[in-house]
Amino acid sequence: PANGMKIVWVNDGQGKQMVVHRLIESGSQCEDYTNLGATHALEHFFFKDGAPWGRFASHGANLNAYTSTKYLVTTADIDVGQTLDWLAYQAECMRGEHLANLDHDCIASEIRNVIDEMNRNKSASNLMRKMITVAQQHCLLQGNRVPTIGKKSTLKAIVNASDIRKLQTDLLGPSRNTLLVVGQHDGQDLLDSVGRNFGKLERNKELRPL
């Protein structure tokens, strides 16, 4: 697509299943000191409006999301018949529709969960994690070299769906997205779905530079 998004289809036999990864170049290396932990917070909110569970998980799909220093990733192991609907759902996510549906109570509850997770990871029992973090700070990575799980000032500033959409605008955009689709599917159907769902997404002009 003209917006810079990359689509990779691996026509490899997965039986009746398809595996779809959405890789977004928006790990902690993309953050700055005004939004440390924002990527991890976004990951927590990606599926929170409930839509993916009703549309996909209730029909057997295995869904997950995670972050690293380089990427925010969503994964779906789904029935081949759900593939085109999942692509449509991903386009909805890129437009921010599902983040905009989050209510205040859901946001407040999940922010508490992220802060609790952050505190657990800072405990003395996570010595190995701390050692790896120090090594990354000194010699292994570029950019923001700390794999931030959260920062209280970032997390407590998130109080409504508009705040989450602002983080999305700062850190995400079609040009940073790679959609990896693995499995056997009708090629023309996939091509048509990509054009229909992602072709009209505009490049994010507010995106902070890497």
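Structural remarks
- Whichever lysines have a C-alpha closer than 19 Å to that of K70, once near sequence neighbours (fewer than 8 apart) are set aside: K6, K130, K151
- Antiparallel DSSP beta bridges within the chain, percent to nearest 5: 75
- Candidate aspartates and glutamates - alpha carbon under 18 Å from K156, same-chain residues fewer than 8 apart omitted: E31, D32, E43, D103, D105, E110, D116, E117, D170
- Computed extension gain for H59 through A88, at 0.36 nm per residue and net of the alpha carbon distance, reaches 8.8 nm.
- For the chain, carbon and sulfur atoms together expose 52% of the accessible surface, with a 1.4 angstrom probe and every protein chain in place.
- Modelled this way, with points 7 Å down the Cα-to-C-beta line, the labels at Y33 and W9 are 4.7 nm from one another.
- On a per residue basis, the chain carries 51 Å² of accessible surface, using protein heavy atoms and a 1.4 Å probe.
The values are calculated or read from the model by the stated rules, or taken from the named source; none is laboratory data. From a predicted model like this one, the values you see are computed outputs, not experimental measurements. Cβ atoms come from the backbone with ideal geometry, glycine included; neighbour counts cover every protein chain shown. Just so you know, the surface numbers come from the protein's heavy atoms only, side chains and all, with ligands and any DNA or RNA stripped out. Shrake-Rupley method; radii C 1.70, N 1.55, O 1.52, S 1.80 Å.
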